[in-house]
Amino acid sequence: MNKVGVVIPAAGRGERAGGNVPKQFREIAGVPMLLRTLRPFSAHPSVEDIVVALPAEVVETPPDWLSTLLGERLHVVPGGATRADSVCAGLARLRNDCDIVLVHDAARPFVSRETIDAVVEVAASGFGAVPCVPLADTVKRTVDGVRVVETVDRDGLWRAQTPQGFPRTMLRAAYDAAGARASSFTDEASMVEANGATVCVVRDMSSNIKVTSREDFIFAEVLATR
Ligand code: CTP
Ligand code: MG
């Protein structure tokens, strides 16, 4: 059986969500977002190691609920200035025997076991895996942020979510090839694609939202209590 390692970038400031505390530490229906995000991975039988990249000051003094979980299968590292830097820091700390790596945003607390399993299966067969949802809305392109110049054909277009999964060597090679340009990629899959490897879409659920804005916390409360 493959050994799966998980890197969770959780070192962002959550500026778009506002508030006094970075969004990943805020509670959704009484449970911190990051704790919700961790649970399906720590409960997964193939997951051998989880590394969470945190803001440097939080690594020094993690919240109590996180301190009690730290151990052989869960570590924290200081993240970096960009998401890519945070993922890189996590990758470097991941146990050597994990041959499959999943990268999952701390800001997606509602990932399903089905999605994790499907991503692991594709990655274990030697491909990159990106969980996606087909676009439901009509897509417009503007020139100046106002005037529509084109309605983009949405056929074949998908929204990419996480966890994205890869053979570890494939992801490592993509980060090495990207070097200083790593932060110009918005997800791991695009970096792997740019390095010439094959990435496959895994159908995901739209409930696997990324909590980004203030308003998303309203949706999150609903999803958590349904
Ligand atoms: N992230 C990270 N290190 C950074 C920036 C982001 O680990 N330097 C993480 C965030 O904590 C989040 C994920 O990457 O879990 C996705 O990023 P995003 O949703 O953009 O979160 P933030 O960057 O925190 O939010 P914002 O862009 O609104 O400030
Ligand atoms: Mg961000």
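Among the residues of the range 3-26, write down those that are surrounded by 15 or more Cβ atoms within 10 Å (Cβ to Cβ) and either closer than 22 Å to ARG113 by Cα or away from ligand 2 (no atom under 16 Å from the Cβ) (or both).
If the condition is that a residue be surrounded by 15 or more Cβ atoms within 10 Å (Cβ to Cβ) and either closer than 22 Å to ARG113 by Cα or away from ligand 2 (no atom under 16 Å from the Cβ) (or both), then LYS3, VAL4, GLY5, VAL6, VAL7, ILE8, PRO9, ALA10, GLN24 are the ones that fit.
Taking the numbered list (1) part of a strand (DSSP E or B); (2) at positive phi in turn, GLU150 passes all entries but (2). From the list VAL101, VAL59, VAL52, the lone residue that is surrounded by 13 or more Cβ atoms within 10 Å (Cβ to Cβ), more than 15 Å from ligand 1 (Cβ to nearest atom) and aliphatic (A, V, I, L, M) is VAL101. Where strands (runs of 3 or more DSSP E) fall wholly inside the range 1-100, the ranges with 3 or more residues that are under 17 Å from the mean Cα position of the chain (by Cα) and within 22 Å of GLY126 (Cα to Cα) are 4-9, 47-54.
Does the range 195-206 contain at least one residue that is assigned to a helix (DSSP H, G or I) and of a type outside the set (Asp, Glu)? No, because not a single residue in the range 195-206 is assigned to a helix (DSSP H, G or I) and of a type outside the set (Asp, Glu).
Of all residues in the range 1-26, those satisfying the criterion of being out of contact with any strand residue (DSSP E or B) (no Cβ under 7 Å at 6 or more places or on another chain) and of a type in the set (A, V, I, L, M) are MET1, ALA17, VAL21. Only one entry of SER213, SER184 meets the criterion of being closer than 25 Å to ALA136 by Cβ, hydroxyl-bearing (Ser, Thr, Tyr) and surrounded by fewer than 20 Cβ atoms within 10 Å (Cβ to Cβ), and that entry is SER213.
Coordinate-derived values only; no laboratory data. As the structure is a computational prediction, the values presented were derived from the model and not from experiment. Note that we place each Cβ from the backbone using ideal geometry, even for glycine, and neighbour counts take in every protein chain shown.
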